[in-house]
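The values are calculated or read from the model by the stated rules, or taken from the named source; none is laboratory data. As the structure is a prediction and not an experimental result, all values here were calculated from the model. In case anyone asks, the SASA skips ligands and DNA or RNA and just uses the protein heavy atoms, side chains included. Shrake-Rupley method; radii C 1.70, N 1.55, O 1.52, S 1.80 Å.
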Amino acid sequence: MRLKYYFLLAFIILYSCNNKSFSEEMKNEYYDAMELRKNKNLMLSINLFEKIFTNYPESKYAPMSLYQIGDIYLNDIKNYDIALSYFKKLNRIFPNSESGKVALFLCGYISNNYLQEFSSAFNYYNSFKDLYPNDSLIFSVDYELYDPNTGLINFIQVIDSLNNQL
């Protein structure tokens, strides 16, 4: 009986040591990917972020990695369709994470400002308002929706009136 407890204790010690090295490895990979991005090795960075997301889907680095990939496509590569797809994926999988929340805002922002998909942007922003009503980004969402000169509400009214004429 005592041998069983020693075995269990040894297993717990080994597991916790492996878990720490596992966590440390994951953290190191994340910072390596960040360094690759900083040095403009974008595809290598994206591959490493993808590896982190795939291998450690339950870690805090998984949503952060998806965010970084979307951000690379948005700001470095300027492929807005792919950026949008990563931000949608991030919000779908991690809606309660800080990265997931910002990703939903960015879906609206990309749809409005880069893709001119005004109805989609309107829907993303309204979803953001419904899901995160007290968030600090609400001011920016309201600006994107209701600015008298450039707000989406102006486009939606025109789209609705055109649809009603059909």
For the stretch 41-166 the mean separation of alpha carbon contacts under 8 Å (6+ apart) over residue count, i.e. relative contact order in percent, is 14
Taking protein heavy atoms only, a 1.4 Å probe, and rounding to whole percent, the accessible area of the stretch 99-155 owed to carbon and sulfur comes out at 53
Projected onto their principal axes, the Cα atoms of the stretch 39-149 stretch, largest extent first, over whole-Å spans of 43, 27, 21
Flagged as over-length at 19 Å C-alpha distance, from Lys88/Lys129; Lys60/Lys89; Lys60/Lys129; Lys40/Lys88, the pairs are Lys60/Lys129; Lys40/Lys88
One point scatterer per Cα, no solvent, Debye formula: log10 I(q)/I(0) for the stretch 120-159 at q = 0.22, 0.27, 0.33 Å⁻¹ comes out as -0.64, -0.89, -1.11
The correct pair for the stretch 24-63, radius of gyration to one decimal and Dmax as a whole number, both in Å and from Cα atoms, is 9.4, 28
Computed over the stretch 72-166, protein heavy atoms only, probe 1.4 angstrom, the accessible area per residue in square angstrom equals 56
